[in-house]
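Data block below; observations after.
The values are calculated or read from the model by the stated rules, or taken from the named source; none is laboratory data. Computed from a predicted structure; not experimentally measured. In this analysis, Cβ positions are derived from the backbone assuming ideal geometry, glycine residues included, and neighbour counts consider all displayed protein chains.
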Amino acid sequence: MRRKQKIYRALTLLWHTADGRYVAPGEAVSLEHLNDEEIATLIAMNAIEEVKRCRRRPVRSA
Amino acid sequence: MEVSTNGTTWTDISGFANSIEVSGGERQIGEAYTFDGDTALLTSGKREPVEVTVRVVYTEGTSEPFEVVRAAYEDGSSVYVRWSPKGGSAGNFQFTTAAGLVSSLTYPAGEVGGDPVMVEFTVKTPGISKSVVA
């Protein structure tokens with residue numbers, strides 16, 4: 001079963017240890033190298049937020 | 001704690017450094033008193049440079065802190081310092097200086113004895129920025 005890949009958006013300046021670069025506020029960032037507890041800590045301190053994808057609604061022709 | 005000469009490639013000096021002091025950075029604030037009111041009117045100016053002083057063990061390796069900082073001191077080239085007080089794990093804060101210049105460096109000196117020789121360098125930088133380790 002394929003694991004859902006969650007994307008997070010930085011809310012403050014982050015130092016991304018896996019990529020070795022700074023992530024500016026507003027930028028999307030992948031946090032696969034962190035465990036759930038570390039991600040929860042970052043969310044609790046308002047450093048990141050989860051980007052929730054909206055489901056595409058089927059387009060209805062007029 | 002890490003240093004860099006370009007702001008991109010960082011060298012870990014946690015195994016060499018044992019103290020860091022930060023001073024300076026006062027914001028210039030103007031004041032004026034008027035006939036009305038009991039207190040001063042304050043105006044905000046710019047922040048003065050910050051000085052970051054780090055003590056490291058004296059060693060002679062080319063990529064080790066004394067040699068890296070000595071070269072930048074003698075050249076007048078940029079040095080960056082950054083440190084994470086709580087250890088650098090995800091969620092900890094990290095403080096990074098802007099490109100600074102080495103304003104002073106103590107060359108190795110000391111008396112005969114068993115203690116390792118320590119040297120101290122000071123980086124004068126326009127400011128320090130905070131980020132979160134992810």
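Scanning the stretch B:82-93 for residues that are buried (at least 20 other Cβ atoms within 10 Å of the Cβ) and modelled with pLDDT of 95 or more, we see that the one that is farthest from B:Gly7 (Cα to Cα) is B:Trp83.
Does B:Asp12 fit the bill of being over 25 Å from the mean Cα position of the chain (by Cα) and either surrounded by 15 or more Cβ atoms within 10 Å (Cβ to Cβ) or acidic (Asp, Glu) (or both)? Give the steps one after another, and end with the answer.
On the way: over 25 Å from the mean Cα position of the chain (by Cα): no; either surrounded by 15 or more Cβ atoms within 10 Å (Cβ to Cβ) or acidic (Asp, Glu) (or both): yes.
The answer is no for B:Asp12.
When B:Thr96 is tested against (1) more than 14 Å from chain A (Cβ to nearest Cβ); (2) within 15 Å of B:Thr11 (Cα to Cα), just one condition goes unmet, and that condition is (1). Restricting attention to the stretch A:42-52, the residues that are exposed (fewer than 12 other Cβ atoms within 10 Å of the Cβ) and at the interface with another protein chain (Cβ under 9 Å from one of its Cβ atoms) add up to 1. Just to verify a result, which residue in the stretch A:1-41, among those that are part of a helix (DSSP H, G or I) and β-branched (Val, Ile, Thr), is nearest to the other protein chains (Cβ to nearest Cβ)? The extreme case among them is A:Thr41. Against the numbered list (1) touching a strand residue (DSSP E or B) at 6+ places or on another chain (Cβ under 9 Å); (2) farther than 22 Å from A:Trp15 by Cβ; (3) part of a loop (DSSP other than H, G, I, E, B), B:Leu101 comes up short only at (3). Checking every residue in the stretch B:57-69 against the condition of being touching a Pro at 6+ places or on another chain (Cβ under 8 Å), in a strand (DSSP E or B) and either surrounded by fewer than 21 Cβ atoms within 10 Å (Cβ to Cβ) or of a type outside the set (A, V, I, L, M, F, W, C) (or both) gives at least one match. Just one of the listed residues (B:Ala109, B:Ala90) is farther than 27 Å from A:Arg21 by Cα and either in contact with a Gly (Cβ under 7 Å, 6 or more places away or on another chain) or part of a loop (DSSP other than H, G, I, E, B) (or both), namely B:Ala109.
Within 14 Å of another protein chain (Cβ to nearest Cβ), in contact with a Ser or Thr (Cβ under 7 Å, 6 or more places away or on another chain), modelled with pLDDT of 95 or more and buried (at least 19 other Cβ atoms within 10 Å of the Cβ): is that true of B:Thr122 in this structure?
Values: within 14 Å of another protein chain (Cβ to nearest Cβ): no; in contact with a Ser or Thr (Cβ under 7 Å, 6 or more places away or on another chain): yes; modelled with pLDDT of 95 or more: yes; buried (at least 19 other Cβ atoms within 10 Å of the Cβ): yes.
Against the criterion (within 14 Å of another protein chain (Cβ to nearest Cβ), in contact with a Ser or Thr (Cβ under 7 Å, 6 or more places away or on another chain), modelled with pLDDT of 95 or more and buried (at least 19 other Cβ atoms within 10 Å of the Cβ)), B:Thr122 does not qualify.
When the residues of the stretch B:2-21 are filtered to those that are of a type in the set (A, V, I, L, M) and touching a Ser or Thr at 6+ places or on another chain (Cβ under 8 Å), the one that is farthest from B:Val69 (Cα to Cα) is B:Ile20. Taken as a whole, the condition of being at pLDDT 95 or above and not aliphatic (A, V, I, L, M) applies to B:Ser78.
For the condition small (Gly, Ala, Ser), within 14 Å of chain A (Cβ to nearest Cβ), surrounded by 11 or more Cβ atoms within 10 Å (Cβ to Cβ) and under 23 Å from B:Thr9 (Cβ atoms), B:Ser129 qualifies.
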